[in-house]
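**Q** Just dropping this structure here.
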Amino acid sequence: MRMHYLRSLLLAIAMLFVSTAAFAQVSVSVTIAPPELPVYDQPLCPGEGYIWTPGYWAWDGEDYYWVPGTWVLAPEVGFLWTPPYWAWGGSAFVFYDGYWGPVVGFYGGIDYGFGYFGHGFVGGRWEGDHFFYNRAVWHVDNTVIRNVYEERVNVTRETRISYNGGRGGIDARPTREEEAAAHERHLPPAPVQRQHEQAARSNRELRSSVNHGKPPIPATPRPGEFNARGAASARETTRTETSAGHTNNPVHPKDLPAYQRPAAPNTGNAKLDQKYQKQQESLATKQDQQRQKLQQRQDQEHQQYTRQNANEVRNQQLEQKHTQQTQQLQQRHTQQQQQLQQRQQPAHQAAAPKEKR
């Protein structure tokens with residue numbers, strides 16, 4: 001009898017090892033649904049090789065608590081982070097741990113923003129030994145990190161639901177690619193991530209019963225740096241978010257939507273159409289350069305405030321200044337586009353053949 005029990009125990013341990021190596025580990029179940037995801041800005045990436053790990057709600061046995069999103073060094077070259085998620089299991093909400101692996105797997109269809117829009121990952125990519133950052137999605141200073149590119153995606157955040165399945169949950173199933181990713185070699189959360197989670201658990205302000213679903217520290221620049229300058233603040237708004245993970249109220253030039261070029265001119269005059277096309281392209285190039293210049297200047301000011309350990313009031317004043325600068329730039333660009341169209345319109349009409357009576 002005892003031998004049978006030992007064999008059963010060893011088999012269970014072996015099966016658990018296989019499960020955690022090949023799949024996301026099921027760690028806890030709760031009968032209460034987790035709160036909605038908060039809306040927040042992403043802290044500036046602290047350096048090359050860091051990967052963004054989105055914030056999530058965890059359970060301590062009595063209450064949900066928020067584990068702030070943070071930047072974490074990848075444990076191995078070529079590895080990416082698959083976020084944890086909650087899912088309805090039929091009688092309770094089940095938590096699936098996040099993990100590191102060569103491919104981002106299924107994370108419940110939850111839209112965490114910042115490149116994790118429910119399926120797949122668009123925050124960046126590995127090229128050889130270097131990680132290249134998508135600046136359209138992640139907050140990266142390209143004067144410090146040179147491995148950057150910009151690739152926007154047409155995704156609009158319309159929900160902040162934090163769990164999969166059940167009544168009111170996200171209706172999503174893993175794709176074939178995500179199912180295949182579950183069988184890749186995985187690594188569990190790094191020790192600094194576990195320490196980060198434990199620090200969040202011991203922080204009373206991060207408990208859902210205290211913050212009512214609006215954690216005061218939704219994200220940090222590095223694990224455990226809850227009091228560091230650069231830690232994000234939660235927003236009171238529920239505005240929808242764009243693919244870059246920013247709200248529709250632009251704060252920085254990188255929050256602005258991509259320049260929408262007007263339709264190709266079609267006056268019937270090939271030379272005139274070519275002239276108009278060049279004018280449109282020239283304006284678009286000029287405006288893109290002005291966006292990049294302003295973004296670089298604002299990033300430098302953020303870094304300066306971080307080095308000076310500026311207080312919260314000064315940081316808020318800086319954000320207000322940046323918001324005003326960005327909105328003024330957007331208004332100026334809109335006026336320039338309208339003026340160009342107005343200049344082209346009369347010439348377009350003059351070039352059009354007159355109708356015979």
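**Q** How big is segment 149-199 by the Kirkwood estimate over distinct Cα pairs, in Å?
**A** About 15.0 Å for segment 149-199.
**Q** On a 30 Å Cα-Cα criterion, which of the cross-link pairs Lys214/Lys321; Lys286/Lys321; Lys275/Lys321 come out too long?
**A** Cα-Cα > 30 Å for Lys275/Lys321; rest within.
**Q** Across segment 79-154, what fraction of all alpha-carbon pairs, as a whole percent, falls in each successive 10 Å bin from zero upward?
**A** The percentages, shortest bin first, are 18, 43, 28, 9, 2, 0.
**Q** Label-point separation (nm) for Glu205 and Arg297, each offset 7 Å from Cα along Cα-to-Cβ?
**A** 3.3
**Q** Which FRET efficiency, nearest 0.05, do Thr175 and Gln327 yield, Cβ-Cβ r, R0 25 Å?
**A** That gives a FRET efficiency of 0.05.
**Q** To two decimal places, what compactness ratio does segment 26-220 give when its Cα radius of gyration is scaled by 2.2 N^0.38 Å?
**A** Against the empirical 2.2 N^0.38 Å value, I get 0.99 for segment 26-220.
**Q** Need the full-extension length gain, Thr159 to Glu62, defined as separation in residues times 0.36 nm minus the C-alpha distance. One decimal, nm.
**A** Additional length available on full extension: 32.3 nm.
**Q** Between Arg152 and Glu76, 0.36 nm times their residue separation minus their Cα-Cα distance comes to what?
**A** Gain on extension, Arg152 to Glu76, equals 24.7 nm.
**Q** Could you tell me the calculated FRET efficiency between Lys271 and Gln339, based on Cβ-Cβ distance and R0 = 22 angstrom, to the nearest 0.05?
**A** Efficiency computed from Cβ-Cβ geometry: 0.50.
**Q** Can you grab the distance from the C-alpha centre of segment 183-212 to the C-alpha centre of segment 28-76, Å, no decimals?
**A** Result: 7 Å between the Cα centres.
**Q** Let me ask something else. Sorting check: for 74-82, 183-191, 266-274, which peptide has the highest mean count of neighbouring beta carbons within 10 Å, and how do the rest follow?
**A** 74-82, 183-191, 266-274
**Q** Moving on. For the pair Lys286 and His212, what calculated FRET efficiency results from E = 1/(1 + (r/R0)^6), where r is the Cβ-Cβ distance and R0 = 45 Å, to the nearest 0.05?
**A** It comes to 0.45.
Each value in this text was obtained by applying a stated rule to the coordinates, not by laboratory testing. Bear in mind that the values here come from a model prediction, so they are computed numbers and not experimental data. Heads up, the Cβs are rebuilt from the backbone with ideal geometry, glycines too, and the neighbour counts pull from every protein chain shown.
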